[in-house]
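A short reminder: the numbers here are calculations on the coordinates, not readings from a lab. Quantities reported herein were computed from a predicted structural model and do not represent experimental measurements. Counting neighbours? That spans all protein chains shown, and the Cβs are built from the backbone with ideal geometry, glycine included.
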Amino acid sequence: MTKKTKNLEYYEAVGRRKTSVARVRLYLTGKDKTTVINGQKLKAGEVVINKKPLEKIFTEEYKRNFITSPLKALNSEERFVVSIITKGGGKNGQLEAVVHGISRALVLADEGNKTSLKKLGLLTRDPRKKERRKVGTGGKARRTKQSPKR
């Protein structure tokens, strides 16, 4: 699934969580360790989400560390420029979808990464979604209506 566009090679994968979808592209950098994506000149190790830097989207330090955790686990932080487009869901769903997508793209880049990422649980798609509400309940999925005492 390696694609070439204008002499740029990248690995593309899709990550999902709840209703969030993240399309992740890992661009290989050239000799000067920079790549131009969407008119932006980016250095190796930079992460761009929806054409904005990672620091503007996820301001908390632990969220930024979680996003780069698959790259850190494989010591590939300075090897790629990461470009991500996310849609749907909330911030945390998008966060986990991004990590899932980065992990899948790293496996496409090198099949040997699969075992170490699988041990960390980064390749597993979390299937939990919001349960639909049922008829006859008091507005929630599993809540039962209050019964009269008499």
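Residues whose amide H comes within less than 5 Å of that of residue 80, counting only those at least five positions distant or on another chain, are 45 (H built at 1.01 Å from N in the peptide plane). A cut-off under 14 angstrom between Cβ atoms defines the neighbours of residue 59, and their net charge, with Lys, Arg +1 and Asp, Glu -1, is +2. Cα extents for the chain along the principal axes, largest to smallest and rounded to whole angstrom: 80, 33, 29. Karplus-derived 3J(HN,Hα) values for segment 17-24, using 6.51 cos²θ - 1.76 cosθ + 1.60 with θ = phi - 60°, are 7, 6, 9, 8, 10, 10, 9, 10 Hz; glycine and proline are entered as x. Enter the angle in degrees (range 0 to 90, nearest 10) between the Cα long axis of helix 61-73 and the first principal axis of the Cα atoms of the chain, meaning the one along which they spread out most. So the helix axis and the longest Cα principal axis differ by about 60 degrees.
Between 102, 69, 139, the Cα set farthest toward the positive side of the dipole of the chain (charges on each charged residue's Cβ, about the Cα centre) is that of 139. Taken about its Cα centre, segment 41-150 carries a charge dipole of roughly 1320 debye when the Cβ of each Lys and Arg holds +1 and the Cβ of each Asp and Glu holds -1. Within the chain, DSSP assigns beta bridges of which about 90% are antiparallel (rounded to the nearest 5).
Can you tell me the relative contact order of the chain? Whole percent, Cα pairs under 8 Å, sequence separation 6 or more. Don't skip to the answer; put the middle values down first.
Values: 255 pairs, mean separation 42.9, N = 150.
Relative contact order for the chain comes out at 29 percent.
Measuring between alpha carbons in the structure, the pairs from 52/129; 118/145; 51/134 lying more than 32 angstrom apart are 118/145; 51/134.
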